[in-house]
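Have a look at the structure below, then the notes.
Quick note: the coordinates plus some simple rules give every number you see, no bench work behind them. The structure presented is a predicted model; accordingly, all values stated were derived computationally and were not measured. When we count neighbours, we look across all protein chains shown, and the Cβ atoms used for this are built from the backbone with ideal geometry, even at glycine.
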Amino acid sequence: SAMLSAQTSKSSSSTTSNISISVRSNDESYSYNAKFESEKTHAAQSLIIKNLGDPTEKTDRTAIWEGKGYSVSVRPGKIEMEMDFEKVTKSFRLKFEDMGDQISEAVGSPKTPTPPKAPKK
């Protein structure tokens, strides 16, 4: 499904070994999707609990956080987060986006490429 919008939007994705992370953000919303090794699920989920508290719904395989303007779902090896900027405060928005970065680190996606590539001459 393709979404076309005239707003400015940032989109980044990185794929290393078994990790795939994509972040989309425009003037109205933010979305974060990560697929990774399921052993890392617990570490990522702990971060979400630290930021958002206990899940609003939980089953053996899924944890879901839903609040005004955002939702987060965690399944083994998979995290999906959505946020609507018009329904959340600026401080929550920053915390939520920062949480995305923290999750990326927890599941093993390096923010900076390692080892550093030598500059092209």
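Here are the numbers for this structure:
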| item | result |
| --- | --- |
| Cα-based Rg / Dmax (Å) for the range 19-61 | 12.5, 36 |
| Equivalent ellipsoid semi-axes, the range 23-87, via Cα gyration tensor eigenvalues times 5, rooted, Å | 21, 14, 9 |
| Separation of the R75 and L94 label points, Cα + 7 Å toward Cβ, nm | 3.4 |
